[in-house]
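Here's the structure, in structure tokens; my notes come after.
The values are calculated or read from the model by the stated rules, or taken from the named source; none is laboratory data. Worth saying up front: this structure is predicted, and the values here are computed from it rather than measured. Using ideal geometry, Cβ is built from the backbone for each residue, glycine included, and neighbour counts are taken over all protein chains shown. With ligands, DNA and RNA removed, areas are computed over all heavy atoms of the protein, side chains included. Shrake-Rupley method; radii C 1.70, N 1.55, O 1.52, S 1.80 Å.
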Amino acid sequence: MNASDADLARVVIKRRRALPFFSGHPWVFAGAIQRVEGEPAAGAEVNVSTHEGEFIARGLFNPQSNIRVRLYTWDANQRLDEDFWSGRIKAAIDLRNSLFQGGLEQRGCRMIFSEADGLSGLVVDRYGDHLLLQWTSRALAEREPLFVKMLQEQLQPAGIWRRTEKGMAEAEGLSLTDGLVAGAEPPLPLFVEEHGLQYGVDVVAGQKTGFYFDQRDNRLAAARYLSGRVLDLFCYSGGFGLNALRHGSATQVLGVDSSQPALDFARRNAELNSLADRMRFEQSAAFAKLEQLHEAGEQFDGVILDPPKMARSRGGLERALRGYLSLNRLAVQVLKPGGILVTCSCSGLVSREDFEQVLARVAAETGRKIQILESRGQAADHPVSVQCLENAYLKCLICRVTA
Ligand code: SAH
């Protein structure tokens, strides 16, 4: 041990379980730990070592989480102090500035994406002057005042609002609630621009952190292929349909979502972009709507499927795959020969291969041919660390479906 870290407790990894951590994986699950030397408080900085005492990495301890330690540095001389966190925040901001070449005042983006930015447990989205912050690590959340100060120094936001995710109380022992943490409350709506389209966003009551930035490039990519009548299922605030009309050759869009507040935003966004005359919205459950359209013999030139996460745990994987299968089968049945299917899965537990296999079964069961034209992932402001591939969650397949 270095003199500088003599105060830190030590988490000792079981024999033959240390390789992933030497390789840079940031999650030390309880099951990999042999013993804890010392009595680290919840949120404390700890050293992680092999059973032979060799230093592996340094992280933050949470006795209430199955992820017992989140690792942040593999440098024995680096303490997890303000300079360290500030450097990580700066690197994340620099990446977004280079991706978007400025212009972030109008645009929104994900500024910090947890493990991908070396900040496991913190997500920050930017909407113009306002920031939305979300914690998935209790240990990091305990440093909120410090992070707020650093974000204020580096980004000078008008306000910072905290959103919380369901399940974090149980998973991490996090007892935070949604609310203002600094500056002014976010206006309702906040406006963001994406591919020349304007969107009003409700960052306080809207889903997740208000807007699905991860689909930004997929919405534009899909538009290139979409023409004629398009069915945008799980449309939320209307992004895929708006792009299909503005940047593709779609002539009419039917947007369907089960949430009325989402549809109210979608309709206002259509008006804001002078596309309302070509968009219609319906509140309905997607499965029921597809069955109804199929029975009525309706046919579309394009169908977009962007359902919410279907698999939340390994145990739920089979059920999720069955859900994707029936959803995609129904979608194919309302597609004209030669039509375009844009099908997405944001379930990290469903691999790209699993998802492609679902489409293979859809093809077999419907007798239609399905060609994948583009196999896409999440936008670049949601990068994936190769040391934490669990974060590569989004799949967006743009397919042509023939007779
Ligand atoms: N495509 C959107 C994001 C979709 S998020 C975009 O580009 O912004 C998933 C959406 O599915 C949410 O708006 C949610 O309200 C909706 N949803 C969830 N379950 C549904 C169901 N069974 N039927 C229809 N919509 C549903």
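Distant-in-sequence amide contacts of ILE33, defined by a placed amide H-H separation under 5 Å and a gap of 5 or more residues or a different chain, comprise LYS14.
Can you flag which of LYS14/LYS149; LYS336/LYS395; LYS149/LYS309 are past 28 Å Cα-Cα? Pairs exceeding 28 Å: LYS14/LYS149; LYS149/LYS309.
At 222 nm, what value in deg cm²/dmol follows for the chain if DSSP H runs of at least 4 each add -39500 (n - 2.57) and the sum is divided by all its residues, to the nearest 500? Computed ellipticity for the chain at 222 nm equals -8500 deg cm²/dmol.
DSSP beta bridges confined to the range 190-402 are antiparallel in about 50 percent of cases. Please say if the range 208-341 is rounded, prolate or oblate, where rounded means a/c under 1.5 for a ≥ b ≥ c the square roots of the C-alpha gyration tensor eigenvalues, and otherwise the choice is prolate for a/b larger than b/c and oblate otherwise? Oblate shape, in that a/c is at least 1.5 and b/c is the bigger or equal ratio.
Relative protection proxy for 240-246, 350-356, from highest mean packing down: 240-246, 350-356 (other beta-carbon atoms within 10 angstrom).
The value of relative contact order for the chain, using C-alpha pairs under 8 Å at least six residues apart, is 11 percent. Surface analysis of the range 76-216 yields an accessible area of 40 Å² per residue, using protein heavy atoms and a 1.4 Å probe. Of all beta bridges that DSSP places with both ends in the range 82-183, some 75 percent have antiparallel geometry.
Of the residues ALA18, ALA57, ALA6, the one whose Cα sits farthest towards the positive end of the charge dipole of the range 3-73 is ALA18 (charges of +1 on Lys and Arg Cβ, -1 on Asp and Glu Cβ, taken about the Cα centre).
Taking a ≥ b ≥ c as the square roots of the eigenvalues of the Cα gyration tensor of the range 3-73, is the shape rounded (a/c under 1.5), prolate (a/b larger than b/c) or oblate?
Here the range 3-73 falls in the rounded category.
For the chain, the carbon plus sulfur part of the accessible surface works out to 49%, probe radius 1.4 Å.
The local environment of GLY238, defined by Cβ-Cβ distances under 12 Å, has a net charge of 0 under the rule Lys, Arg +1 and Asp, Glu -1.
Of all DSSP beta bridges confined to the chain, the antiparallel ones make up roughly 60%. For LYS289, the aspartates and glutamates whose Cα comes closer than 20 Å to its Cα, not counting residues fewer than 8 places off in the same chain, are ASP232, ASP257, ASP264, GLU298, ASP301, ASP306. A 1.4 Å probe, protein heavy atoms only, puts the accessible area of PHE61 near 20 Å².
Tally Lys and Arg at +1 and Asp and Glu at -1 over the other residues with C-beta under 13 Å from the C-beta of PRO261: what net charge comes out? The answer is -1.
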